[in-house]
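Chemist: Supplied in structure tokens, the structure appears directly below.
The values are calculated or read from the model by the stated rules, or taken from the named source; none is laboratory data. Worth saying up front: this structure is predicted, and the values here are computed from it rather than measured. Ideal geometry is used to build each Cβ from the backbone, glycine not excepted, and the neighbour counts take in all protein chains shown. Surface accessibility is based on the protein's heavy atoms, side chains included, excluding ligands, DNA and RNA. Shrake-Rupley method; radii C 1.70, N 1.55, O 1.52, S 1.80 Å.
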Amino acid sequence: MNNEVLIRVDGVSKKFCRSLKKSLWYGLKDIASEAVGRNGGHDHLRSEEFWAVNDVSFELQRGECLGLIGRNGAGKTTLLKMLNGLIKPDKGQIEMRGRVGALIALGAGFNPILTGRENIYVNAAVLGLSKKQTNNKLEEIVEFAEMNEFIDAPVQSYSSGMAVRLGFAVASMLEPDVLLIDEVLAVGDIGFQTKCFNLLNKQSHKSAVVFVSHAMPQVARIANKITVMENGLVISQSNDIAIGIEHYNDSFKNEEVAVAGSGKAVIERIRLYGGNASDDQSIPIVHYGGDLTIELDYRLAADVQACVIAVGIFDQSMRMVAQSFSRASGIYFENNHETIKTKIVIPRIPFAPGLYNATLGFTEKGQLGQWGEHLARYEALKSFKVIGNSVLSSSYAPVVLEATWL
Amino acid sequence: MNTLFKSVYTPESAIRHPIKLLREMFRDLLASRELAWRLFVRDVSARYRQSFLGYLWAFLPPIVGTFTFVLLNRSGILNVGNMPLPYPAYVMIGTLLWQVFADAINSPIKAVTAAKTMLAKINFPREAILISGMLEVLFNFTIRLVLLITIFICYGIVPPMTMPLALIGVFAIFCLGFMIGIILTPIGLLYTDIGQALSMVLSFWMLFTPVVYTPPTTGILAQLTLLNPVSPLIVTTREWLAIGTASNLLPALIVFLVTIVLLFVGWLLYRLAMPILVERMGG
């Protein structure tokens with residue numbers, strides 16, 4: 001049963017058009033050449049076109065799960081649409097074996113006026129289930145969606161989470177050979193997410209799964225192969241999930257630094273590194289459990305006597321995950337009216353692998369030792385990457401605490 | 001191990017393998033029956049649920065339309081020519097038949113546009129959308145038959161022997177409209193101009209069709225009516241339905257045969273265009 005290749009993608013490319021006007025016109029031309037059976041013209045770009053998917057190849061067997069990751073617009077969804085047979089490749093060839101199921105548009109065909117029960121039948125029919133099959137699974141679906149009381153209420157009275165839950169419940173009744181999933185596991189509360197995850201985990205042993213997500217913990221848990229796309233190209237393909245996730249994190253470039261506050265503190269030079277100061281990467285690497293060091297040269301305006309410094313660490317979704325205050329250690333930096341050099345060392349970084357950035361805040365020391373004027377706040381000043389093994393990558397929380405397990 | 005169904009996707013035009021294409025077309029047509037029925041039931045049951053008057057809305061437009069023309073005729077504004085039937089019955093039959101044509105022509109673009117998101121995200125037999133649209137048009141006609149029966153009773157029209165043939169006539173009118181609609185669909189989905197123009201053209205077109213008055217025998221209007229493919233179908237169907245003659249049978253037959261051929265061409269085009277439409281429509 002295993003070693004059965006269910007998906008074979010060979011040098012597949014797809015072009016898209018940036019301008020709507022041209023896109024429609026090309027569409028018309030393409031329909032015409034399709035209708036007369038002309039084959040040429042697929043492999044060169046016309047004006048305003050670009051390769052949305054560029055020369056992608058991979059194979060997937062039953063029991064394998066490919067995590068397909070990349071930034072928005074990298075071509076993941078386009079690739080999925082080609083795998084699903086919705087659009088044709090412009091180059092290359094795709095072979096799919098067996099029944100293909102897609103968890104992509106949950107609740108497709110729902111009509112908001114109709115009841116949940118009526119919509120189950122519509123949605124199931126769209127996904128290719130017969131009425132008899134649906135009848136048999138109806139109870140299971142209602143049960144899975146946790147909707148016993150609401151099943152005869154119109155779908156427009158549902159919360160968006162409920163509608164998606166119902167859609168997921170219907171779609172999960174399919175038992176496909178190939179399963180395509182596009183960003184759908186982020187629905188519902190934790191209880192429902194866990195249920196979805198377990199179902200998927202079970203299904204992934206029976207099918208070949210392609211899983212598109214931006215949630216790296218989920219990818220790290222489900223996938224056993226990983227492909228990273230950027231601008232239509234595959235930039236990394238590996239069986240080691242941690243490596244793939246690392247490449248994905250690399251694809252985020254440094255954001256512009258925004259400065260707030262009165263401007264009475266000015267950073268002249270900053271270095272941020274993990275481990276040895278000698279490493280000079282474009283994005284500093286910090287090992288989980290290792291040290292994070294920030295070296296800082298800055299000046300204070302003449303009327304500032306002394307200041308305190310705070311470090312804030314944000315994760316990729318701009319959620320603050322940790323803070324550090326010099327004032328908490330009773331440390332104040334006196335103004336010497338020239339460049340002040342400060343070195344901040346934060347030991348035993350407990351963050352899950354991923355991309356983080358540091359924000360630095362300078363606050364004047366108040367007359368009575370309280371917080372004074374906000375001198376400067378450098379937002380997203382420096383990015384750094386935390387690396388660790390794939391167990392750490394699968395953490396949902398940004399902080400992984402060490403513990404003693406007796 | 002190789003019993004699994006295999007699909008291969010390449011850039012090649014599907015029309016290069018006509019046998020395979022045909023086989024797939026009929027396979028999908030068969031596979032789409034249940035879904036088409038589901039979608040049809042969904043649309044019909046949702047249509048009037050949020051309405052106070054409900055199904056009355058299916059009857060009101062033809063009633064109001066007939067009433068208008070009867071009024072115009074009574075007051076002498078409209079000269080309708082020689083009538084083989086009581087005028088209200090003539091108009092009502094004409095309006096109902098024309099409505100089938102107009103509904104059918106609009107149906108494919110409307111149905112595909114409404115299903116855009118679904119088409120863009122899920123792979124299901126594309127024919128289902130068309131068929132559910134077809135069913136809806138025929139369903140609308142069927143419930144409006146109540147009006148027809150009412151008018152037959154009111155004016156004491158005795159149904160002629162040819163009446164059952166009128167079903168074929170209705171079917172032909174429907175096919176003609178649907179054929180034009182389906183051929184326009186690929187362009188109509190890319191450019192909304194088609195949909196806009198369609199409603200305008202239809203109201204104009206009706207004037208060259210013997211819907212509310214008998215066609216004149218001389219003049220420009222007569223020429224235009226002669227070239228109008230809907231005319232022989234409507235005339236023949238009405239005659240079969242209420243009079244028992246068939247003065248336009250040959251042209252009607254020719255129109256019907258051409259329609260059937262072009263309907264198939266439209267279906268083929270629809271299939272070939274679908275991946276390109278999905279790509280360009282987004283959704």
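Chemist: Given the residues A:Lys88, A:Lys132, which is the only one that is basic (Lys, Arg) and over 25 Å from B:Leu272 (Cβ atoms)?
Modeler: The match here is A:Lys132.
Chemist: Which residue is modelled with the lowest pLDDT, if the candidates are limited to the stretch B:104-135 and must be open to solvent by less than 50 Å² (accessible area, probe 1.4 Å) and out of contact with any Leu (no Cβ under 9 Å at 6 or more places or on another chain)?
Modeler: Selected residue: B:Met118.
Chemist: Do you know which of the residues in the stretch A:231-271 that are within 21 Å of the chain's Cα centre (by Cα) and of a type in the set (Val, Ile, Thr) is modelled with the highest pLDDT?
Modeler: A:Val234
Chemist: Go through the stretch B:113-140 and count every residue that is within 14 Å of chain A (Cβ to nearest Cβ) and either within 17 Å of B:Leu269 (Cβ to Cβ) or of a type in the set (Asp, Glu) (or both).
Modeler: 7
Chemist: Please work out if B:Leu269 is under 20 Å from B:Ser107 (Cα atoms) and open to solvent by less than 30 Å² (accessible area, probe 1.4 Å).
Modeler: In short, no.
Chemist: Shifting gears a bit: Does A:Pro176 fit the bill of being out of contact with any Asp or Glu (no Cβ under 7 Å at 6 or more places or on another chain) and open to solvent by 10 Å² or more (accessible area, probe 1.4 Å)?
Modeler: no
Chemist: Take A:Gln156 and decide whether it is assigned to a helix (DSSP H, G or I), over 20 Å from A:Val122 (Cα atoms) and assigned by TED's automatic domain parsing to the domain that holds A:Lys131.
Modeler: Considered against the rule, which asks whether it is assigned to a helix (DSSP H, G or I), over 20 Å from A:Val122 (Cα atoms) and assigned by TED's automatic domain parsing to the domain that holds A:Lys131, A:Gln156 comes out as no.
Chemist: What number goes with the only condition from (1) assigned to a helix (DSSP H, G or I); (2) more than 19 Å from B:Val258 (Cα to Cα) that B:Met161 does not pass?
Modeler: (1)
Chemist: Which members of the stretch A:5-36 meet the condition of being more than 19 Å from B:Pro275 (Cβ to Cβ), surrounded by 15 or more Cβ atoms within 10 Å (Cβ to Cβ) and out of contact with any strand residue (DSSP E or B) (no Cβ under 6 Å at 6 or more places or on another chain)?
Modeler: If the condition is that a residue be more than 19 Å from B:Pro275 (Cβ to Cβ), surrounded by 15 or more Cβ atoms within 10 Å (Cβ to Cβ) and out of contact with any strand residue (DSSP E or B) (no Cβ under 6 Å at 6 or more places or on another chain), then no residue fits.
Chemist: So which of A:Asn39, A:Asn119 is over 28 Å from A:Ala215 (Cα atoms), open to solvent by 30 Å² or more (accessible area, probe 1.4 Å) and free of Cβ contacts under 8 Å to residues at least 60 places away in the same chain?
Modeler: Only one candidate qualifies: A:Asn39.
Chemist: Please return the ranges of helices (runs of 4 or more DSSP H) entirely within the stretch B:1-88 where 1 or more residues are over 29 Å from A:Asn135 (Cα atoms) and within 14 Å of chain A (Cβ to nearest Cβ).
Modeler: Passing ranges, in order: B:18-31.
Chemist: Restricting attention to strands (runs of 3 or more DSSP E) lying wholly within the stretch A:315-398, give those where 1 or more residues are open to solvent by 80 Å² or more (accessible area, probe 1.4 Å).
Modeler: A:320-325, A:340-346, A:371-387
Chemist: Is at least one residue of the stretch A:89-99 over 30 Å from B:Lys6 (Cα atoms), in the same structural domain as A:Glu183 (by TED's automatic domain parsing) and surrounded by fewer than 20 Cβ atoms within 10 Å (Cβ to Cβ)?
Modeler: Taking every residue of the stretch A:89-99 in turn, none turns out to be over 30 Å from B:Lys6 (Cα atoms), in the same structural domain as A:Glu183 (by TED's automatic domain parsing) and surrounded by fewer than 20 Cβ atoms within 10 Å (Cβ to Cβ).
Chemist: Taking B:Leu189 as meeting all but one of (1) in contact with a Ser or Thr (Cβ under 8 Å, 6 or more places away or on another chain); (2) open to solvent by 30 Å² or more (accessible area, probe 1.4 Å); (3) assigned to a helix (DSSP H, G or I), write down the number of the exception.
Modeler: So the condition that B:Leu189 fails would be (2).
Chemist: Just one of B:Ile143, B:Ile194 is away from chain A (no Cβ under 11 Å), under 16 Å from B:Met281 (Cα atoms) and either open to solvent by less than 20 Å² (accessible area, probe 1.4 Å) or touching a residue at least 60 places away in the same chain (Cβ under 8 Å) (or both); which is it?
Modeler: Going through B:Ile143, B:Ile194 in turn, the sole match is B:Ile194.
Chemist: So which residues in the stretch A:224-235 are open to solvent by 10 Å² or more (accessible area, probe 1.4 Å) and not aliphatic (A, V, I, L, M)?
Modeler: Selection gives A:Asn224, A:Lys225, A:Glu230, A:Asn231.
Chemist: Residues that are under 30 Å from B:Ile153 (Cα atoms), touching a helix residue (DSSP H, G or I) at 6+ places or on another chain (Cβ under 8 Å), part of a helix (DSSP H, G or I) and open to solvent by less than 40 Å² (accessible area, probe 1.4 Å): does the stretch B:213-230 have at least one?
Modeler: Among the residues of the stretch B:213-230, at least one is under 30 Å from B:Ile153 (Cα atoms), touching a helix residue (DSSP H, G or I) at 6+ places or on another chain (Cβ under 8 Å), part of a helix (DSSP H, G or I) and open to solvent by less than 40 Å² (accessible area, probe 1.4 Å), which makes the answer yes.
Yes or no, residue by residue, for (1) within 15 Å of the chain's Cα centre (by Cα); (2) within 14 Å of chain A (Cβ to nearest Cβ):
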site	(1), (2)
B:Val158	no, no
B:Val170	yes, no
B:Ile173	yes, no
B:Met179	yes, no
B:Ile183	yes, yes
B:Gly188	no, yes
B:Asn228	no, no
B:Arg238	no, no
B:Leu257	no, no
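Chemist: Return the pair list, or none, for Cβ contacts closer than 6 Å from residues in the stretch A:130-142 that are more than 14 Å from chain B (Cβ to nearest Cβ) to residues that are assigned to a helix (DSSP H, G or I) and surrounded by 17 or more Cβ atoms within 10 Å (Cβ to Cβ), at least 6 apart or on different chains.
Modeler: Sorted first by the residue in the stretch A:130-142, then by its partner, the pairs are A:Ile141/A:Ile120; A:Ile141/A:Ala169; A:Ile141/A:Val170.
Chemist: Within the stretch A:272-314, how many residues turn out to be among the acidic types (Asp, Glu) and either surrounded by 14 or more Cβ atoms within 10 Å (Cβ to Cβ) or part of a strand (DSSP E or B) (or both)?
Modeler: Residues meeting the conditions: 3.
Chemist: Still on this model: Of the residues that sit in the stretch A:143-162 and are under 17 Å from A:Ala108 (Cβ atoms) and within 14 Å of another protein chain (Cβ to nearest Cβ), which one is least open to solvent (accessible area, probe 1.4 Å)?
Modeler: If we take residues in the stretch A:143-162 being under 17 Å from A:Ala108 (Cβ atoms) and within 14 Å of another protein chain (Cβ to nearest Cβ), then A:Val155 is least open to solvent (accessible area, probe 1.4 Å).
Chemist: Those residues that are farther than 17 Å from B:Ser107 by Cβ and open to solvent by 30 Å² or more (accessible area, probe 1.4 Å), I need them from the stretch B:39-56; list them, please.
Modeler: B:Ser45, B:Tyr48, B:Arg49, B:Gln50, B:Ser51, B:Phe52, B:Leu53, B:Tyr55, B:Leu56
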